[in-house]
Amino acid sequence: MSALLRRAWARGAVVSSAILQVIALAVAGTDGAFCLAGYDAPPIGIAHVGATRIPGMGLDPLGAVVAFALALIGIPIAIYTPAYLAGRHGGLSGPVQQALLPLLLGTILAVVTAQNALVLLVGWELMTAFATFLVLADGHQDEVRRAAILYVVMSHVGTLLGMVAVLIIASGSPVLSFDSLDFESLRILGRDMGAGTRAAVLVLALVGFGTKAGIVPLHVWLPEAHPAAPSHISALLSGVIVKCGIYVVARVALDLARPVPFWFGIVLLGVGLSSALLGVLYALMEHDLKRLLAFHTVENVGIIFMGIGLGVALSQTRGLESVASLALAAGLFHIINHAVFKALLFLCAGSVHATIHDRNLEEMGGLLRKMPWTGTCFLVGALAISGMPPLNGFASEWSLLQALIASAQSSEGWIRRLAPLLVAGLALTGALAAACFVKAFGIPFLGLPRSEHARHAREVSLGPRAAQALLALACFVLGVLSPLALMLCARGGEPLGILPYLTFDSPFIISGSKIATTSPFVLAAAVTAISLAVAIATRGSRARARVAEPWVCGLERVQPRMQYTASAFTKAIRLVFRNLFRPSREVEPAEGTPPYYVRRWRTQGMILPVFERYLYDPLVSAVRRIAALMDGWASPSTEVGLFLTLVAFCVALWWAL
Amino acid sequence: MSDSTLESVRGALIAALQGIVLVALAPLLNGLIRKVKARLQRRIGPPLLQHYRDVAKLFRKESIRPSPASWIFDAAPIVSFATASVAAALTPAICALPATGQGDVVTVIYLLALGRFFVILAGLDAASSFGGLGSSRDAAVSVFAEPVAMLSLAVVAAALRTTTDVSGISLASTDAAVASGTSLGLLAPWRLLAALAFFIVVLAECARVPFDNPATHLELTMVHEAMLLEYSGPSLALVTLASLAKQLVLLSIVASGFFPVGVATSLQPAALLVAGAVFVAKLAGLAVLIAIVESAIAKVRFLRVPDYLGVAFGIALLAYVAREAF
Amino acid sequence: MLKVFLERLRQGYRTSAYPLEEPKLPDRLRGLPVIDQAKCASGCEAGIESCPTSALGMKDGKLELDLGRCLFCGECERTLPDGAVRFTPDHKLSARRREDLVLRGQELALAGALEGEMHRVLGRSLKLRQVSAGGCNACEADVNVLTTIVFDLGRFGIQIVASPRHADGILVTGPVTENMKLALEKTYAAVPSPKVVIAVGACAISGGPYIGHPEVHGGAPSVVPVDLFIPGCPPHPMTILDGLLRLMGKIERKRAAEVVE
């Protein structure tokens, strides 16, 4: 009886916590939306109650973009979680996870509403800590623990660099106090920095906080941590926590360290393009569904940085103000969009994992017929992330592309020079993403099941289904209303000095003097109308259709292993980019077969992880070598260690004199 | 009704009319290509209207569904037909009016990509190896074709200092021609190079030689058709119509997007008639060009497809640079 | 390249005008055999034995020749009394019914067009999937050649396609070996109806030289319902073309517009 009571109690705690989360996030989302729309703040908001503000905090349009994104995906995640927690074994207990989740959400909100560097950094560190606990929630296998440690280490090293950037700005102040770390005071200090100092701040902020955003080559933690975490945490990681990295880069580099030099815009564009391309290329080679999604986060972060970078660069050339605003709005809108479709994809991936206990695409197949809801929602997410009209990914990608095309008319030589490469690069990214998501949807969800688990897959329960459907709906609504959303997101440029010159006459049509015309709403209406008409006209033939075995050239019957695999599907692309991937293949007789008459072969294909091999491995071994050296030198006694520490302290103080 | 509402209703009607006409003419264009190709081989070739007969026949035939297929298999022909039709309504063709808000050419490319996404998925849905083979190859071709398409469109917009709007491109071209007192702007190097790059993309996107062989019977050498091997009856008719419409849409971007000479800028019947005649003449010219290309060169090994598209990318880049120089 | 194109333009069309004009075929072509029962008065039984596929037979005292089995080898012309069987260069051989192929001196009932709905659907567009059910590649080669410039099958709306799903019928060659039986059945099943089956060559009609072989099923009719029989070993491409056009109903109505547009 008591066990039953305990379970009921735990379940009740989980559900009521989820309900509270939904309410809190609804408040946060309303606050964010009001802030973007320029309305008076609602009576209760994230950083205020009535007129009383929490010291060091406040919401401005830039933070509101992320806060809104958090609310948009946090509510479905809260709906998704209880069923997920009920259906799992091992790891942290449900109530503990459910207690950690609001803490994580709270720290995220603290980061995006901070108006004080100290609040920001404290919130940032707490966010990392809670995120790490939740990454570890699903068990303590070695790989999970390694992923968590990698995440913590990289995040901390990054934070250290970022903190230095903030302190360099603050160092102009005669006193160091809580108030002197207010953004208002930092902005004044930032204005007077020398060019060299400013450059140091910008680069440190980009590298430091960009680590959390997962820009290449600092992205290596991302594809490790995402698969290790439970899926709703992956959704939150990709959807918002990574965006917090972008947000803090923008806040520190583009807001506090203003005026931003032109070259930094170009740097952001370069970082963005390389992250986008490398992210999507590595995603294409992945067979692990969640790792694939994680690499796509790298790609989309790249696209966001391209938008922000172009906005920064263009805002300094005359005549293209509306284009600059469009570029920035596209970048910020993509923050929301990516949060929505990536959360959707991760939740669906979680649903698949929950029923077949595998993340390997090669073990899936035919899931759409077993899990029609999850499959259809995954398809919507796949279409959205591939930039297909009329969904939200199309709106932001198209806007960015148009801004890039328009930037070819800039008076700045460097922008004109880079514009064609950026246009082609973004188009290539989009096309590769589409190819990747054809694979990521087609291989697991279509065709015949490739494993016993996949054959017995079952649809998830109502809560997760509702969460996924909500996010899929959000993809559609954000796409159709994208002109409105872009106008609102353009306001996020205000704190960065990129004024919102974006106004459209209609909430359904994007159009302007320097901006081409498109309307996801009209496209959606037209395509839907024609599709419906054709579907109705041909319904008779579909109803009478004969079901037959697929045509396999007269063979006895079709076998699941006749189907294309995920790795076969991308072989052409792998070969074209072989200089990057360095693919290799081992083919040998399977174990236990006689060598002269081989009935079964074992083949293994792999690609070279370039960044791990040529950047991180040497770095790690260098650190190890130095540590070993110092170990032998400094460890004889605690006293020697203490002495050296004191010497270092004195040197530092002497330097400060 | 206010003037602007009237204008947009009129614009929508014109676009719808254009869509219907282009989709209806798409099989004829391919018939012409086949006819010219046959003539170059000293054959008589299939009748000009053969595609219509094929499609009419397919609508009267039985539909067969492969047993592993999901709803994607049924939806793909419908979606690809719908997107191709909407693309046909938005593509630059006969007239360009600033007020119709026809939209821009980039959107047209994105729409076609949506249709292609579904067709590629349908290739995987039937669980046959051929479908996977076609899907994989089609996805790879699109990956390398898309950047070239976008870049060559960007060249036009940048050179004319306008957007990629259909009306913008057309009006800027005529203005430029009028201002310089000559139509030489229509044969400027950047325009020719960008159009050439885009034309190569059209060959790749429409599964034509040297990227694919529309007449092949051998599954192993197929790209586009391998994805459609499972389709029959009305569904096959729809995907066939969709690919034919897509071909016409892309060719009319070449004809009226890169060379907007003769595009009507008013709705006078006489102007529309002339513009229509010019448009048909341009398309016929392109059909002959495709037939000559297909007769002159052989299909390349699939892994060399990126090389050809790499050359196209180089041409587009050259066009971008040439725009500054000339 | 330009020179090649110009030369081709100068040469004009090289496609034969068939069926508007009779094709110029060599006199030595062994086409339609003609039986003269009178010549058999002196007894044909001895000569019959010489037929390698037993296409020749005596029924009710009359000589009969089964075109479905005939290899057109001409052996009977030599062994039978002079003129009893004489091969003419007439290439028109195809029939819709198996029994029509058995000649007893009557005129060959050439194939008629498809009837009713079948003709309405398939009369102007016919796509075929070729199945070589153990063929020796002779019939296949003669089908293949139909797509070349002289015969130019495409001008009649006929096309050989890769997928049976796209096809309106199958064109079978070969005697249907044991290993190909299932494939043939599956291909037939894979074609959406309405559909036709065309058996090309003696093997596909009856098993030809392999009649009675334990590993052979005796041609397409033993497995699928055949709508058109085109005899020969192999049939001349013109014979095949003639059969296909008759099936589509393009021969009786010899209107120019119907045939060449």
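Quick note: the coordinates plus some simple rules give every number you see, no bench work behind them. In this text, all values refer to a predicted model and were calculated from it rather than measured experimentally. Backbone-built Cβ (ideal geometry, glycine too); neighbour counts: all protein chains shown.
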Theoretical FRET efficiency, 1/(1+(r/R0)^6), r = Cβ-Cβ of C:Asp90 and C:Arg8, R0 25 Å, to 0.05: 0.15
C:Met1 versus A:Ile19: modelled label distance in nm, points set 7 Å from Cα along the beta carbon direction: 7.5
Relative contact order for chain A: what is it in percent, counting Cα pairs under 8 Å that are at least 6 residues apart? 13
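What is the sum of charges around C:Lys39, taking Lys and Arg as +1, Asp and Glu as -1, for the other residues whose C-beta is under 10 Å from the C-beta of C:Lys39? Write out the running numbers ahead of the final one.
Values: positive: C:Arg86; negative: C:Asp36, C:Asp82.
Counting the neighbours of C:Lys39, the net charge comes to -1.
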Based on alpha-carbon atoms only, what is the radius of gyration of the stretch A:427-505 relative to the globular estimate 2.2 N^0.38 Å? 1.69
For chain C, what are the DSSP H helices with axial Cα length of 15 Å or more and mean Kyte-Doolittle hydropathy of at least 0.0? C:237-248
Could you compute the FRET efficiency for A:Gln604 and B:Arg304, with r as their C-beta to C-beta distance and R0 at 25 Å, rounded to 0.05? 0.35
Most exposed first by the Cβ proxy, i.e. fewest other Cβ within 10 Å, how do A:Glu588, C:Glu99 rank? C:Glu99, A:Glu588
Scan around C:Arg129 for amide H atoms under 5 Å from its own, H built in the peptide plane at 1.01 Å from N, and keep only partners 5 or more places away or cross-chain. C:Val161, C:Asp168, C:Gly169, C:Ile170, C:Leu171
Unit-weight point scatterers at every alpha-carbon of the protein assembly as shown, Debye formula, q = 0.05, 0.06, 0.08 1/Å: log10 I(q)/I(0) is -0.42, -0.59, -0.94
Exposure proxy order (Cβ contacts within 10 Å, fewest to most) of B:Met222, A:Met57: A:Met57, B:Met222
Cα lying deepest toward the dipole's positive end in chain A, options A:Ala64, A:Ile510, A:Phe34, charges on Cβ: A:Ile510
Sorted by chain and then number, the residues having a modelled amide H within less than 5 Å of the amide H of C:Ile158, at least 5 places away or on another chain, are C:Leu126
On average over all directions, what projected area in square nanometres does chain A have, based on the convex hull of its Cα atoms? 38.0
Out of the stretch A:147-256, which chymotrypsin sites (Phe, Trp or Tyr not before Pro) are coil in DSSP terms and have no more than 14 other C-beta atoms within 10 Å? A:Phe178
Arrange the following residues from fewest to most other Cβ atoms within 10 Å of their Cβ: A:Phe649, A:Phe133. A:Phe649, A:Phe133
Could you state the principal axis extents of the C-alpha atoms in the stretch C:116-259, from the largest down, to the nearest angstrom? 49, 29, 24
Under a plain spin-label model, where a point goes 7 Å from the Cα along Cα-to-Cβ, how far apart in nm are A:Asp142 and C:Glu21? 8.4
Residues whose built amide H sits under 5 Å from the amide H of C:Val34, excluding neighbours closer than 5 in sequence, are C:Arg86, C:Phe87, C:Thr88
Compute, for the stretch B:1-139, the length of the dipole vector about the Cα centre, with Cβ point charges of +1 (Lys, Arg) and -1 (Asp, Glu) only. Units Debye, rounded to 20. 1020
Round to the nearest 10 and give me the degree value, 0 to 90, for the angle of helix B:166-180's Cα axis relative to the longest principal axis of chain B. 40
Modelled FRET efficiency - R0 41 Å, C:Ala38 with C:His119, Cβ distances, 0.05 increments: 0.55
For the pair A:Thr197/A:Val153, report the inter-label distance in nm, with labels modelled 7 Å from Cα in the Cβ direction. 3.5
Between B:Trp71, B:Ala275, B:Leu114, whose Cα lies farthest towards the positive end of the dipole of chain B when Lys and Arg beta carbons carry +1 and Asp and Glu beta carbons carry -1, centred on the Cα centre? B:Ala275
Which part of the stretch A:367-382 falls in the paramagnetic zone of A:Glu459, meaning amide N under 18 Å from the point 7 Å along Cα-to-beta-carbon? A:367-381
Helix B:105-125 sits at what angle to the longest principal axis of chain B, using alpha carbons and giving 0 to 90 degrees rounded to 10? 0
Identify which of C:Val85, C:Val143, C:Val121 has the largest mean-square fluctuation in a Gaussian network model of chain C, with springs joining Cα atoms closer than 10 Å. C:Val121
So for chain C, Kirkwood radius off the Cα pairs, Stokes-Einstein at 4 °C and 1.567 mPa s: how many µm² s⁻¹? 68
Karplus-derived 3J(HN,Hα), 6.51/-1.76/1.60, for each residue of the stretch C:48-65, Hz, glycine and proline x: 4, 4, 6, 5, x, 10, 6, 6, 8, x, 10, 9, 6, x, 10, 6, 10, 10
Taking beta carbons within 10 Å but only from partner chains, what does the mean come to for residues A:397-406? 4
Which of A:Trp373, A:Leu160, A:Ala47 sits farthest toward the positive end of the charge dipole of chain A, with +1 on the Cβ of Lys and Arg and -1 on the Cβ of Asp and Glu? A:Trp373
The protein assembly as shown - mean residue ellipticity at 222 nm from DSSP helices (-39,500 (n - 2.57) per run, n ≥ 4, rounded to 500): -19500 deg cm²/dmol
Could you work out how far helix B:50-59 tilts from the main Cα principal axis of chain B, as a 0 to 90 degree angle to the nearest 10? 60
Sorted largest first, the Cα spans of the stretch B:3-325 on the principal axes come out in Å as 61, 44, 39
